[in-house]
Amino acid sequence: MDIHFLLGLIPTLLSGLPLTLELTVFSLLGGGVIALLLNGLRAGSIVGARVADFYVFLFRGSPLLLQIFLIYYAPGQFSFIRHSFVWPFLREPYVCALLALMLNDAAYTSEIIRAGLRAAPRGAIEAAVVGGMSPLTRLRRVILPLAFRQALPAYGIEITGMLKSTSLASVVTLMDVTGIASAEVSQTYRAIEVFLTAAVIYLVLVTLVTYGVQRLEGWLSPTRTPLSARSAA
Amino acid sequence: MWDDLTLLGFGAMGWGHALFTAATTTVAVSACAFALGLAIGTLCAWAKLSGPAPLRRLAEVYGVVLRGIPDLLVIYLFYFGGRQVATTVAGLFGHHGPVEISGFAAGAIAIGLISGAGQTEVLRGAYQAISPGTLEAAKVGGMTRWTMFRRIIAPQALPTALPGLNNQWQSAIKESALVSVTGLVETMREVGIAAGSTELPFLFYAAGIVIYLIITSLSGLVFRTAEWRAMRSQMPARAR
Amino acid sequence: MTEAAIRLSGIHKSFGAHHVLRGIDLQARNGEVISIIGGSGSGKSTLLRCVPLLEQPDSGQIAVGDDSISLGEPGQRLTGRDRQAMRRLRSQLGFVFQNFNLWPHMTALQNVMELPLHVQKRPRAECREEAEALLERVGLTARRDAWPSQLSGGQQQRVAIARALAVRPRALLFDEPTSALDPELVGEVLTVIRALAEEGRTMVLVTHEMGFARHVSHRAIYLHDGRIEEEGPPEQVFDNPLSERCRRFVSHHLSRN
Ligand SMILES: Nc1ncnc2c1ncn2[C@@H]1O[C@H](COP(=O)(O)OP(=O)(O)OP(=O)(O)O)[C@@H](O)[C@H]1O
Ligand SMILES: [Mg+2]
């Protein structure tokens, strides 16, 4: 294998890293907000719960790639959209890819939040009620902390999942790490070297995120030695 | 717009037939990938639980690597990388010009490897949920390892594994859409072709979503029925 | 009554640095009922589990009938011949666990039929007939199609005894068969075990039921710290032990029951 080619390849591919990270962070933020709204909707009314169910069914039951294509190509079929103020945005592959990633992430994240909120054991809530906590205090002191701990491992997997999913944005011409790698391959025909190098970049990112989440989990774990005890020792 | 719906039908002008064939291809790629993943998953779960140290290490590295790489890149690697290797090898034998490889095979292998990493964890968890005492009872009875696997381990692990295996199957279906990048005419690719040639992208991409929803929910139903039956035969007190 | 059904000699077993069995010699003659008593952690279960090689001793010899295995060093890998001997040896034993360990995906009847049918490969009709007869012996004919999860602890343990008997074992091993049971269910299981003792079966019984052990066994063994500290007829071990430690142990337990 040609070492100069590889050495040149790494900075080329890394120039797509900012876009990859940007897409990941924005889609997680947007997706998180929508996920919270979905859970609010679910708690609000039976109709709201049905709507949330359907949303989750729709986005988890079909491929993300198809969702991206639908959002990118479909509006063009309708002249009223083509003549409206949103068209300049919807024509942008960046906007479409990000929108699809957000909507998709929201479906998965809302389920993670839902499972987390159900995690508080009935006994813990009853103890809080008997102890005279107001509903708000209960939520803040008992339910949410338990939900957060419960949801963290699954959300860690969702973060790395989104990081990997951003590679699909390259299919609508975005130049993230995968997009640059594809372009490089069509010029050099050296698919194995280029894609393997790109794969290593993602692998490193995923490993870093996984490690970070595990640290956070360990730090939040109830069996952790309390800081006071540690400093005393 | 409603007139356009006939384009989805099975008539002379309709894309119904093509879409149906494409949906079949989607299911076929996913099924091959899932079966490969099941074989790999069984092997790796065994390696992780009680294999010799080098194999265990290998299974761990495989899991970490495949869960750390975007699915699209895995498919690119197998398809374009496979083509590069095939072309190089053919070049050594005097053949010039690019050699094509099967998008179906490359896609099924790539998704099978991804699925295998997930199925390993599902199967390992299901095995660990078995009460070890029931295995000791089988050992004392003089069962060989194979009899024990067939009569005691598999029937106990399967009901626990089914929900996880269902998830893996649903993922395989959705990942199969990525195989469209190889040119294989499965659902994703076919709706793209139809959207392009009719200039009705909304109609056909929406139809594509519906097709995937039908496939995922119908097969999900099959899994849940199997799960229910397996549960019923073991814990009748709870299921009835 | 002279031929030995089970012979253990020089059994040593350690878990890490913890030397749990320190040279055990024990023979069970055909038709003999032996009970093993001793404090918690004295190695009773470990000893019993060494017989079918659920634990592999570090050294020593195990023989059941004509099949025997010798072990020389800790963690020794069994040869192909050893493995065959082990399987033959196991198929001559019935083991009853503290926690029953019934197979949860099989009904009571299927549990009892499993080993004769799929290990000993006897004809199905014969296995079924015998399994039904065994369930009748333990008083569970009416529950033969029940799943383990639908049975009480006492019923599960009786199915487990029927399962152990179904392989037509040369000897039966019991590891605290009533310890996991509610007090009111202990009696029904002890009744079944007593009947087996009375029909002349070879049995080794680890138990905390001192009164019962004294009544059914021909010989009792007091285990302490991985060694046999006291051994003899039940009248000696339970009423007049030579060892002071054994005397304290027995009087403490007999007064409690
Ligand atoms: N698999 C194992 N790994 C490590 N230590 C073990 C294992 N099994 C048993 N031990 C240890 O060996 C010692 C003897 O255990 P064993 O179960 O034989 O005692 P026991 O006499 O049956 O006690 P009990 O009356 O509580 O059942 C104990 O200290 C126990 O902690
Ligand atoms: Mg014990």
Does anyone have the angle between helix A:93-117 and the longest principal axis of chain A? Alpha-carbon axes, 0 to 90°, nearest 10? 20 degrees
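For the range C:99-168, give the percent of accessible area contributed by carbon and sulfur heavy atoms, probe 1.4 Å, rounded to a whole number.
Carbon plus sulfur share of accessible area: 48 percent.
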Identify all aspartates and glutamates with a Cα-Cα distance to B:Lys48 below 15 Å; exclude those on the same chain that are fewer than 8 residues away in sequence. B:Glu60, B:Glu121
Given R₀ = 56 Å, what would the calculated FRET efficiency be for C:Gln76 paired with A:Ser79, taking r from the Cβ atoms and rounding to 0.05? 0.10
For B:Ser50, the net charge from surrounding residues (Cβ-Cβ under 12 Å; K, R +1; D, E -1) works out to +4
Return one number: the angle in degrees, 0 to 90 and rounded to the nearest 10, between the long axis of the Cα atoms of helix B:103-128 and the longest principal axis of the Cα atoms of chain B. 30 degrees
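Net charge around A:Glu184, counting only other residues with Cβ within less than 11 Å of its Cβ (Lys, Arg = +1; Asp, Glu = -1)?
Working: positive: A:Arg190; negative: A:Glu193.
Overall, the nearby charge balance is 0.
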Carbon and sulfur: what percent of the range B:23-157's accessible surface (1.4 Å probe)? 71 percent
How large is the accessible surface per residue of the range B:18-234, computed with a 1.4 Å probe and reported in Å² as a whole number? 43 Å²
Using a 1.4 angstrom probe and counting only protein chains, how large is the accessible area of B:Arg224 in Å², to 10? 130 Å²
Residue order for C:Met113, A:Met102, A:Met175 - accessible surface, 1.4 angstrom probe, largest first: A:Met175, A:Met102, C:Met113
The range A:47-104: chymotrypsin sites (Phe, Trp or Tyr not before Pro) in DSSP loop, at most 11 other beta carbons within 10 Å: A:Phe85
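Can you give the convex hull volume of the alpha carbon atoms of the protein assembly as shown per residue, in Å³?
Working: hull volume 193.6 nm³, N = 730.
With only Cα atoms used, the protein assembly as shown gives 265 Å³ per residue.
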Heavy-atom surface of chain C, accessible at 1.4 Å and reported per residue (Å²): 43 Å²
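Pick out, in residue order, every one of the chymotrypsin sites (Phe, Trp or Tyr not before Pro) in the range B:1-98 that is DSSP loop and has at most 13 other C-beta atoms within 10 Å; say none if there are none. Can you show the working numbers first?
On the way: sites: B:Trp2, B:Phe10, B:Trp15, B:Phe20, B:Phe34, B:Trp46, B:Tyr62, B:Tyr76, B:Phe78, B:Tyr79, B:Phe80, B:Phe93; in loops: B:Trp2, B:Phe10, B:Trp15, B:Phe93.
Listed in order of number, the matching sites are B:Trp2, B:Phe10, B:Phe93.
For chains B and C, what's the summed buried accessible area, probe 1.4 Å, to the nearest 100 square angstrom?
Working: alone 13790 and 12030 Å², together 23750 Å².
The B and C chains share an interface burying roughly 2100 Å².
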Reachable lysines from C:Lys121, Cα under 18 Å, same-chain residues fewer than 8 places away excluded? B:Lys139
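Hand me the GluC sites (Glu not before Pro) from the range C:203-257 located in a DSSP loop with no more than 16 other Cβ atoms within 10 Å, in residue order please.
Working: sites: C:Glu209, C:Glu229, C:Glu230, C:Glu231, C:Glu235, C:Glu244; in loops: C:Glu209.
Passing sites in the range C:203-257 do not exist.
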What accessible area, summed over both chains, is buried at the A-B interface (1.4 Å probe, Å², nearest 100)? 3000 Å²
So if we plug the beta-carbon distance of C:Glu3 and C:Glu136 into 1/(1 + (r/R0)^6) with R0 = 35 Å, what FRET efficiency do we get, rounded to 0.05? 0.70
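The values are calculated or read from the model by the stated rules, or taken from the named source; none is laboratory data. Just so we're clear, the structure is a prediction, and the values are computed from it rather than from any experiment. A quick note on method: Cβ atoms are made from the backbone with ideal geometry, for glycine too, and the neighbour counts reach across all protein chains shown. Surface accessibility is based on the protein's heavy atoms, side chains included, excluding ligands, DNA and RNA. Shrake-Rupley method; radii C 1.70, N 1.55, O 1.52, S 1.80 Å.
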